[in-house]
Structure formats: structure tokens, C-alpha cells
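Below you'll find the structure, written out as C-alpha cells, and then a few comments.
The values are calculated or read from the model by the stated rules, or taken from the named source; none is laboratory data. This one's a predicted model, so the numbers in the text were calculated from it and none came from an experiment. Cβ coordinates were reconstructed from backbone atoms using ideal geometry, including for glycine residues, and neighbour counts include every protein chain displayed.
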Amino acid sequence: MTDFALNPDIDADALAAQFARDGRVQVKGFLAPDSAEALHRLLRERGDWVQVLNSNGKVFELPRETRAQMAEAVRADLDNAIYAQARSGFQYRYESIRVPDGTAARAASDDPLARFAEWMSNGEARDLLRQIVGVGAIEFADAQATAYAPGDFLTGHDDAVAGKNRHAAYVMNLTPVWRTEWGGLLLFHEPEVSGFAPAFNTLNMFRVPQMHSVSEVTRAAAYRRYSITGWLRSGGR
């Protein structure tokens, strides 16, 4: 797989000023084109996606094989339960491939996603992220790949978790073609509703805590909404 490389034309000073003012920013053309295209191919070809959802504060993970074996009635009941909780509480449904946080675990992994997460956690990439966010204490980026299919969503939350030392969240968008009306928008709830539509090779970053959600992907969507997401953190790992 192609080595990861930053776009050399990124204007870090302008992005840092925007982040300081607004608490969020889009870094368009974050990666060199070959790097972004290679990551997109990787996500489309992977078969180890696991659907994640919330039930009463607990995370449930369903591999594709498990879902394929479900009876249609069971799958319908599960969908109904997911949407019922989304009406008045925190809920989500999407597919994920998780990446370990530890340096040793990433070094021992042959997964390009682990290599990408470690690249984000060192050298010029980390220097750029520190400059934009304005936090020199950022030590590493945690990561997971995410895929939102029709019907998938993430309701409002602020990412604040005690002890995680999250300074900013990021979404590395990796779907080459996306129409805004397909949904999957990263929405910010305050001071008024605004948001970012998925845009290929664009890194969205926003300060933590900040109330946000991902709107439901519609049945019209021709592709999954692919991304690599995580937080920029301090405090060791």
C-alpha cells in the first residue's frame, strides 16, 4: 500500500486561525492523492466490518456473518429497537473496524489502518494537527474505520469522556462520490445547526466537547459513507 503523505499545500496558519475562531475546520486535500485513493480502496475491499450499536449504555457488535444468519423477523425487530431508542436517547448504528491505541500493538499489526493511525500520531502529521488545534500536548491519534450504510446514523453527543484526554475529534472522509441529499452529514448543534457534508480526502476536525451528530444515510445512497475517525489525545497510551 502507498506510504502516507501530507498534501504540501496545506495552509496551517489559516486553518489554525479558523479552528481557534470556530472550534471546527475542514482540511481539504489533507493527504497526497495516492494516499487517499489507497485508503479508499482498502476500506471498500475489507470484509471484517462489524456493525456497532448501543442498547442502554452498552455497545453491541455484530459481524457481517452474524447478521447474514439472522432471520428477517429478528433483523426487523432489532431495527425497530434501534430506532425506538433513537427517538429519545443516545443511539447509533454503523460498521466499524477498530485500531489498537498502543504503539507496540500497532507496530505488531500488519493492518494498514494501524499504520495510518501511527502515522497520524508522529512526525509532520502530528505537528500539523497540533498546530491547527493549538494544543502542543497532543500525543497520539486513536482511530477506527467507519462505514455508514443506508439507515445508519449517530445521534447527538459531545465526545467528553473522563480520563480520555480528548482535545479534538477528526473525521477523515474517504468516499469519492457523495451527494449531500444522501445524508451522512456531520452536524453541529450549537450555536445553531450547521454541518459538513462528506467530501473525499477532507479531514474534518472539531474541538471536544461539542454537541454533534451524523444524520441518517438515506436509501438513495449509492455507496457507503467511508471514513477513518477518532480523537487527538494526550496523557499517554
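The rows are residues; the columns are (1) surrounded by fewer than 19 Cβ atoms within 10 Å (Cβ to Cβ); (2) touching an Asp or Glu at 6+ places or on another chain (Cβ under 9 Å); (3) under 25 Å from Arg225 (Cα atoms).
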| site | (1), (2), (3) |
| --- | --- |
| Tyr94 | no, yes, yes |
| Val99 | no, yes, yes |
| Gly102 | yes, no, no |
| Ala105 | yes, no, no |
| Leu113 | no, no, yes |
| Ser121 | no, yes, yes |
| Glu124 | yes, no, no |
Discussion item. Given the criteria aliphatic (A, V, I, L, M), more than 19 Å from Pro176 (Cβ to Cβ) and assigned to a helix (DSSP H, G or I), does Ala36 qualify?
Written reply: no
Within segment 44-54, of all residues that are out of contact with any Leu (no Cβ under 6 Å at 6 or more places or on another chain) and closer than 28 Å to Ser194 by Cα, the one surrounded by the most Cβ atoms within 10 Å (Cβ to Cβ) is Leu53
Among (1) part of a loop (DSSP other than H, G, I, E, B); (2) surrounded by 15 or more Cβ atoms within 10 Å (Cβ to Cβ), Gly89 falls short only on (2)
Checked against (1) of a type in the set (A, V, I, L, M); (2) closer than 19 Å to Phe90 by Cα; (3) buried (at least 21 other Cβ atoms within 10 Å of the Cβ), Ala160 satisfies every condition except (3)
In the set Ala137, Ala141, the lone residue that is buried (at least 17 other Cβ atoms within 10 Å of the Cβ) and either within 18 Å of Glu95 (Cβ to Cβ) or touching a residue at least 60 places away in the same chain (Cβ under 8 Å) (or both) is Ala141
(Q) Condition (residue is farther than 20 Å from Arg41 by Cα and modelled with pLDDT under 95) applied to segment 142-158: is it met by at least one residue? (A) no
In segment 61-78, anything surrounded by 13 or more Cβ atoms within 10 Å (Cβ to Cβ) and outside any helix (DSSP H, G or I) is listed as Leu62, Pro63, Met70
Filtering strands (runs of 3 or more DSSP E) wholly in segment 144-237 for at least 3 residues that are within 17 Å of the chain's Cα centre (by Cα) and either among the acidic types (Asp, Glu) or under 20 Å from Asn122 (Cα atoms) (or both) gives 166-173, 202-207, 225-233
